[in-house]
Amino acid sequence: MKREDVQNILVMGKSGAGKQSRIDVLLEEFGLEQLSTGEIFRYYMRIFNECGFKGDLAQFWDSDLDWFRDVVDIVEMLGENCKGRMKEVLMGLKAKYFVDSGKYVPDRITNSLFKAYFSRSNYRCKVMDGFPRTPGQAKFLMELASRKKFNIDFAILVYNSDESIKERLLGRRICPKCKKVYHLEFEPPTDGRYCIACGSEVIIRSDDTEEKIRSRLNEFTEKTEPAIEYLKNNNLKILSVPGHLDLFTPENVRRSVMEQVEKILD
Ligand SMILES: [Zn+2]
C-alpha cells in the first residue's frame with residue numbers, strides 16, 4: 001500500500017485507552033480528517049434544534065410499532081418550520097430522541113447517520129473514531145465500502161488494560177473554563193485543585209465515575225471485541241498499538257503508531 005493511496009483508517013480501543021493522541025498522529029501523517037460518531041450526532045441534532053421544535057419527542061414514537069411513527073405524520077407534526085432540510089431534520093430528531101431518553105441507540109440509527117454524513121465527503125479521507133462499535137455496525141461499514149467502492153485501509157487498535165484506564169480516568173480533572181486536562185498524579189493542577197493556565201477550580205467530568213467507566217469497559221468487551229473479530233475475519237488489517245507508554249512524549253506516541261503502520265506501507 002502506498003502512503004498517498006490511504007483513504008480511510010479506523011481507530012478502535014476502549015474508552016480512555018488514549019485514542020485521540022494516536023488519531024492526531026494519523027491525521028497529520030496522512031492528511032486526513034477525523035470523523036467521530038459524537039460529532040455526527042451533534043451535527044444532525046443541531047440541525048433538528050435549529051428548526052425550533054419545542055414539544056416532547058415521545059409523541060413521534062409509536063409504542064405498538066416500537067419504532068418511530070410514519071414519516072408523513074412526523075413531517076406534518078413538525079410543521080412549516082422544519083421544511084427545507086427535512087431529511088436531515090428527521091435524522092436529527094431520531095438521534096435526539098435516543099440521546100435525550102438515554103435509551104441505547106440502535107445500530108440502524110447510528111448506521112444511517114454515519115452513512116449520510118460520510119457520503120458528504122464521498123466516503124474518503126477520514127480517520128474514524130467510535131465507529132464501528134458493534135458487529136452490526138462493522139458489517140454495515142464493510143458492505144458500504146464494497147457498495148460505494150471506497151477502502152478501509154487498516155484499523156489501529158489502541159490497547160490498554162482495564163486497570164490502567166481506570167487509574168487514568170479516575171485521576172483526570174478538567175478545567176471548566178479553559179478545558180485544559182489534568183491528572184492528579186501525572187500532570188497535577190496547582191495544589192491539586194486549580195488550573196495552571198487560568199486559576200479556575202478543576203472538576204471531575206461526569207463521565208469519569210467508577211460506575212460509568214466500568215459500564216463502558218463492559219460494552220467494549222461485549223460489543224466492540226466481536227466487531228473487531230468480524231473485521232479481522234473480513235481481512236481488515238488490525239494493527240495493535242500500546243495505549244500505555246512509559247515515557248509519554250509526542251515523539252514516542254508518533255513512533256508507537258508509525259512503527260506499526262510502516263510495516264504495511266510500501
Ligand atoms: Zn483553566
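Can you pull the semi-axes for the range 140-230, root of five times each eigenvalue of the Cα gyration tensor, sorted largest first, whole Å?
Semi-axes (√(5λ), whole Å): 36, 17, 11.
Compactness ratio of the range 1-123: Cα Rg over 2.2 N^0.38 Å, N = residue count?
Values: Rg = 17.5 Å, N = 123, 2.2 N^0.38 = 13.7 Å.
This ratio for the range 1-123 stands at 1.27.
At a Förster radius of 41 Å, what calculated FRET efficiency corresponds to the Cβ-Cβ distance of Glu167 and Phe98, to the nearest 0.05?
0.85
Using 5 Å bins from zero, what percent of all Cα-Cα pairs in the range 113-266 falls into each bin?
2, 8, 13, 15, 16, 16, 14, 10, 5, 2, 0, 0
First obtain the Kirkwood hydrodynamic radius of the range 60-154 from its Cα pairs, then insert it into the Stokes-Einstein equation at 25 °C and 0.890 mPa s, and state the resulting D in µm² per second as a whole number.
Stokes-Einstein gives a translational diffusion coefficient of 163 µm²/s.
Which of Val11, Val127, Val25 moves the most in a Gaussian network model of the chain with Cα springs under 10 Å?
Among Val11, Val127, Val25, the largest GNM mean-square fluctuation belongs to Val25.
What is the spread of the Cα atoms of the chain along each of their three principal axes, largest first, in whole Å?
Here the Cα extents, ordered largest to smallest, are 58, 50, 31 Å.
Have a look at Arg147, Arg133, Arg255 and tell me which one the Gaussian network model of the chain (Cα, springs below 10 Å) gives the largest fluctuation.
Arg147
Stretch Lys54-Glu222 to full length: gain in nm at 0.36 nm per residue minus the Cα-Cα span?
Numbers: separation 168, 0.36 × 168 = 60.48 nm, distance 3.66 nm.
Using 0.36 nm per residue and subtracting the Cα-Cα distance, I get 56.8 nm.
Could you tell me which residue out of Thr209, Val89, Cys198 lies farthest along the dipole of the chain toward its positive end? Charges go on the beta carbon: Lys and Arg +1, Asp and Glu -1, centred on the Cα centre.
Of the listed residues, the answer is Val89.
Could you tell me the distance between the Cα centroids of the range 120-181 and the range 30-78, to the nearest Å?
After rounding, the separation between the Cα centres reads 22 Å.
At what distance in nm do the modelled label points of Asn235 and Met258 sit from each other, each positioned 7 Å from its Cα along Cα→Cβ?
Computed distance between label sites Asn235 and Met258 equals 3.0 nm.
On the protein heavy atoms, probe 1.4 angstrom, tell me the percent of accessible surface of the range 36-124 carried by carbon and sulfur.
That fraction is 48 percent.
Using a Gaussian network model of the chain with C-alpha springs under 10 Å, which one of Gln137, Gln59, Gln34 is most mobile by mean-square fluctuation?
Maximum fluctuation in the GNM of the chain, among the listed residues, is at Gln59.
Strictly over 29 Å apart at the Cα level, which of Lys87/Lys148; Lys19/Lys139; Lys177/Lys237 would you flag in this model?
Where the Cα-Cα span goes over 29 Å, the pairs concerned are Lys177/Lys237.
The values are calculated or read from the model by the stated rules, or taken from the named source; none is laboratory data. Predicted model only: the values in this text are computed from it and were never measured. Because the Cβ atoms are built from the backbone with ideal geometry, glycine has one as well, and the counts that use them run over all protein chains shown. Please note that ligands, DNA and RNA were not included when accessible areas were found on the heavy atoms of the full protein model with its side chains. Shrake-Rupley method; radii C 1.70, N 1.55, O 1.52, S 1.80 Å.
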